[in-house]
Amino acid sequence: YTSLVLHGELIGSRRDRFAAGWPTGTVSTIGGFAFADLRFHKRYNIGALIDFAPGIFDGGEHDYNPIEDPDNTEAGIFDDLNRTTSFTLFTGFSLMEETTVIRLFGRLTSFDDKRSSQRVSTEFIPEKEDEYTVGLQLLWSLGPHKPHEF
């Protein structure tokens, strides 16, 4: 009863920017994640997840006007010079069968801001500290499935 699941996705986006109805360029972004889960002794698993994405960066203190800068939204500044990366380690225990799992996880989220002093629109973005999260999850799935011995 040992198995290894590997999963990953790479997600890209390319959009045209417009100002006053005229094209002003394109915005291209790329993000993704990779996941590994090792199940052993029927009921136990351990794994890791890493994900990254560029995009909106906001310290929560500013109002943004997308008319003044077409890269911005009302919720924050789009800054292609920053990246958010999370690294998660987890371990789990299946109670009755694999449809019910208790999982303990720890996550480090870091905000890598590589903004340039030439970009006027990003000069007032505050620095954002790394975040650490510890959590306990209860996961269960419902629905029909074949009866089996666990």
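A few notes on this one:
- Yes/no for Glu61 being at pLDDT below 60 and more than 20 Å from the chain's Cα centre (by Cα): yes
- The number of residues in segment 1-24 being over 14 Å from Arg39 (Cα atoms) and open to solvent by less than 70 Å² (accessible area, probe 1.4 Å) comes to 7.
- Answer from Phe35, Phe18 - the residue that is touching a Leu at 6+ places or on another chain (Cβ under 7 Å) and either modelled with pLDDT under 55 or in a strand (DSSP E or B) (or both): Phe35
- Residues located in segment 83-113, provided they are among the hydroxyl-bearing types (Ser, Thr, Tyr), part of a strand (DSSP E or B) and within 12 Å of Arg43 (Cα to Cα): Thr91, Ser94, Thr100
The values are calculated or read from the model by the stated rules, or taken from the named source; none is laboratory data. From a predicted model like this one, the values you see are computed outputs, not experimental measurements. Ideal geometry is used to build each Cβ from the backbone, glycine not excepted, and the neighbour counts take in all protein chains shown. Just the protein is used for accessible areas: all its heavy atoms, side chains included, with ligands, DNA and RNA removed. Shrake-Rupley method; radii C 1.70, N 1.55, O 1.52, S 1.80 Å.
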